[in-house]
Amino acid sequence: MSKKMTNAQLFDRAQAAIPGGVNSPVRAFGSVGGTPRFLVKAKGPYVYDSEGIEYVDLIASWGPAILGHANRRAVKAVQKAAAKGLSFGASSPGETILAELIEQRVSPVDRVRLVSTGTEATMTAIRLARAATGRDLLVKFAGHYHGHSDGLLAAAGSGLATFALPGSAGVPAPIAAQTLVIPYNDPDALRAVFAEHGEKIAAVITEAAPANMGVVPPLPGFNAAMTAIAHEHGALIIFDEVLTGFRVGAAGFWGVEDKSKDSSGYRPDLFCFGKVIGGGLPVAAIGGRRDIMELLAPLGPVYQAGTLSGNPVAVAAGIATLQGLTPRVYKKLDRTARTIADAASAALSQVSVPHRIQWAGNLFSIVFGEEAAISGLHDYAAVQRQESWRYPPFFHAMLNAGVSLPPSLFEAWFVTAAHDQRAIDRILTALPKAAKAADTA
Ligand code: PMP
């Protein structure tokens, strides 16, 4: 394909070969309109499209590029591993090193099994929970996204929120019926579902801090209360940290809460990781209590496998990325996120656009409208009521000024450790005009 093709030409060509022209729906700019940018290169905090335009990136490949794009250490590690073979289909030492790095950082995790995507991780965690409890039902929260397996697409966030889909076609009703969907941040709803179905519920699956309906953090004590309620009824907690894990801190959002004053020291039974642990290559993981994890084949009766699981090249990227995530890097991520969010909020306030920044560690997003400004938005119904029409013009004003935001209101903004002053300055310069666009939308 010639380098000279425009984004529009590339999109046309893609649409003739790939459904919707994309391999993951949110990339299609469906809710913000316009032509998706076709990227050809990325370095540090920047991405470059086919027309040679440079953007400061606040997507970071939806999380994995936490050290910045094409991080030198990670690329070197990948090149070195690739030169020795792309995949063995047999065990290799790096798999154990990556598992150990995860176990050392997240103390409730005794054992780790590597897979290639977050979807596989949550799928396997649920199978494990069902096997461990001998129960079938799963509780999930509206607006949480756990990947695209059949049982998890009811009232899910991410692309389903972006495209306002209640679920997915093609999911058999008996499978959908195994998932009970309840509102988030509502301990009474959780108590009620356990009161009615308690003896049949295998697990509650939750995003550690939801970031697929925009950022909607758990209210203080909610994760602890949820864990207590589930455990009281003999059900397990599956903590989905695919997005938050190793991003908001070395021990993920669980670690952030574990260190906080009002933590009751809750311990989820199973964790799911992805994104950052592959540093941009496909690695994800299920981790958790040894007794549950050892139900996996070959030790136990729960089957799970993968041709490319623990792939040596992908694992090399993951190891380099986790090793690069020092306490100093986390501090820098926190600072950068705060600077950008404060500036966004100030710009919106300047033109009296009602809004609030919602936070989970260094992840944040903007919610729009009076309700958001007054009380914050705490569940999926609330985020759907916001003034979402303000986002497309805001997004495009930023894009025109060379800043690439997530093309959906229902996604978090991702900073990287490579966002330096030049990159941050471009964002700060772009914000006032974008805020005005959100005001007059
Ligand atoms: N869980 C969460 C919380 C996620 O954010 C995602 C992806 N955004 C997934 C699971 C699924 O991961 P993957 O796209 O790698 O299948």
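As a summary of the residue check, V78 satisfies the conditions (1) over 25 Å from I427 (Cα atoms); (2) surrounded by fewer than 15 Cβ atoms within 10 Å (Cβ to Cβ) except for the one numbered (2).
For region 150-170, the tally of residues that are buried (at least 17 other Cβ atoms within 10 Å of the Cβ) and either without any contact (Cβ under 8 Å) to a residue 60 or more places away in the chain or of a type in the set (S, T, N, Q) (or both) stands at 8. Within region 92-110, restricting attention to residues that are in contact (Cβ under 8 Å) with a residue 24 or more places away in the chain and either more than 17 Å from F246 (Cα to Cα) or not assigned by TED's automatic domain parsing to the domain that holds H197 (or both), which residue is nearest to the ligand (Cβ to nearest atom)? Here the answer is E95. Here the helices (runs of 4 or more DSSP H) wholly within region 138-216 that include at least 3 residues being more than 16 Å from the ligand (Cβ to nearest atom) are 173-176, 187-197. Residue count for region 110-165 under the criterion of being touching a Ser or Thr at 6+ places or on another chain (Cβ under 7 Å) and of a type in the set (A, V, I, L, M): the result is 7.
Among the candidates L296, L308, L281, which residue alone is touching a residue at least 12 places away in the same chain (Cβ under 8 Å) and under 20 Å from the mean Cα position of the chain (by Cα)?
Details: L296 fails: under 20 Å from the mean Cα position of the chain (by Cα); L308 fails: under 20 Å from the mean Cα position of the chain (by Cα).
Result: L281 is the single residue among L296, L308, L281 that is touching a residue at least 12 places away in the same chain (Cβ under 8 Å) and under 20 Å from the mean Cα position of the chain (by Cα).
Restricting to region 256-288, and then to whatever is part of a helix (DSSP H, G or I) and either farther than 23 Å from G147 by Cα or in contact with a Cys (Cβ under 6 Å, 6 or more places away or on another chain) (or both), can you tell me which residue is farthest from the ligand (Cβ to nearest atom)? Write out each step before concluding.
Of region 256-288, the ones part of a helix (DSSP H, G or I) are 256-259, 275-278.
With either farther than 23 Å from G147 by Cα or in contact with a Cys (Cβ under 6 Å, 6 or more places away or on another chain) (or both) added as a condition, the list becomes 256-259.
On the way: V256: 15, E257: 16, D258: 19, K259: 21 Å.
Looking at residues that are part of a helix (DSSP H, G or I) and either farther than 23 Å from G147 by Cα or in contact with a Cys (Cβ under 6 Å, 6 or more places away or on another chain) (or both), I get K259.
For R335, the conditions (1) under 29 Å from K76 (Cα atoms); (2) in contact (Cβ under 8 Å) with a residue 40 or more places away in the chain all hold with the exception of (2).
A131 fulfils the conditions (1) buried (at least 20 other Cβ atoms within 10 Å of the Cβ); (2) closer than 22 Å to A285 by Cβ; (3) away from the ligand (no atom under 14 Å from the Cβ) except for a single criterion, (1). Given the criteria within 16 Å of the ligand (Cβ to nearest atom), in a helix (DSSP H, G or I) and crowded, with 24+ Cβ neighbours inside 10 Å, does V248 qualify? Answer is no for this residue. Does any residue of region 123-133 turn out to be on the phi > 0 side of the Ramachandran plot and part of a helix (DSSP H, G or I)? Checking region 123-133: not a single residue is on the phi > 0 side of the Ramachandran plot and part of a helix (DSSP H, G or I).
Specify which of the listed residues (T122, T117) is in contact with a Gly (Cβ under 9 Å, 6 or more places away or on another chain), closer than 29 Å to A418 by Cα, within 16 Å of the ligand (Cβ to nearest atom) and outside the structural domain of S404 (by TED's automatic domain parsing). Steps first, please.
Values: T122 fails: closer than 29 Å to A418 by Cα.
After ruling out the rest, the residue left standing is T117.
Does M226 meet the test of being touching a residue at least 24 places away in the same chain (Cβ under 8 Å), buried (at least 19 other Cβ atoms within 10 Å of the Cβ), within 14 Å of the ligand (Cβ to nearest atom) and outside any strand (DSSP E or B)? Considered against the rule, which asks whether it is touching a residue at least 24 places away in the same chain (Cβ under 8 Å), buried (at least 19 other Cβ atoms within 10 Å of the Cβ), within 14 Å of the ligand (Cβ to nearest atom) and outside any strand (DSSP E or B), M226 comes out as no.
I need the full set of residues from region 56-101 which are at positive phi and not small (G, A, S), in order please.
Quick first cut of region 56-101, residues at positive phi only: 60-63, 68, 70, 85, 89.
W62 - this is the single residue of region 56-101 that is at positive phi and not small (G, A, S).
Filtering R267, R290 for residues that are surrounded by fewer than 23 Cβ atoms within 10 Å (Cβ to Cβ), under 27 Å from G221 (Cα atoms) and in contact with a Pro (Cβ under 9 Å, 6 or more places away or on another chain) leaves a single hit, R267. Take V302 and tell me if it is farther than 26 Å from P218 by Cβ, away from the ligand (no atom under 16 Å from the Cβ) and in the same structural domain as R127 (by TED's automatic domain parsing). Yes; evaluated as a whole, the condition is true for this residue.
Might you let me know whether region 305-328 holds any residue that is basic (K, R), within 22 Å of F414 (Cα to Cα) and either away from the ligand (no atom under 16 Å from the Cβ) or in a strand (DSSP E or B) (or both)?
The first filter runs over region 305-328 and keeps only residues basic (K, R), leaving 328.
Those left that are additionally within 22 Å of F414 (Cα to Cα): 328.
Now restrict to residues that are either away from the ligand (no atom under 16 Å from the Cβ) or in a strand (DSSP E or B) (or both): 328.
The answer is yes; a qualifying residue exists.
The values are calculated or read from the model by the stated rules, or taken from the named source; none is laboratory data. Small disclaimer: the values here were computed from a predicted structure and weren't measured. All Cβ positions, glycine included, derive from the backbone under ideal geometry; neighbour counts span all protein chains shown.
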